[in-house]
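This report concerns only the one structure given below.
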Ligand SMILES: [Zn+2]
């Protein structure tokens, strides 16, 4: 399980709660992917 090297929040925890521990959490590849999905990038949800 991957975790943030700065705040040690695990990817699993972030995905579960929807909250990152710090701004560096966004640098985790799995979080980037999840954020893209969650916020839909440039596409709008129907
Ligand atoms: Zn972090």
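No value in this document is a laboratory result; all are computed from the given coordinates. Quick caveat: nothing in here was measured; it's all calculated off a predicted structure.
Stick to the Cα atoms of the chain, pair each with every other, and give me the Kirkwood hydrodynamic radius in Å at one decimal. Intermediate results must be reported in sequence, preceding the final value.
Numbers: mean 1/r = 0.0923 Å⁻¹.
Mean inverse Cα-Cα distance, inverted, gives 10.8 Å.
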In percent, what relative contact order does the chain have, based on Cα pairs under 8 Å that are 6 or more apart in sequence? 28 percent
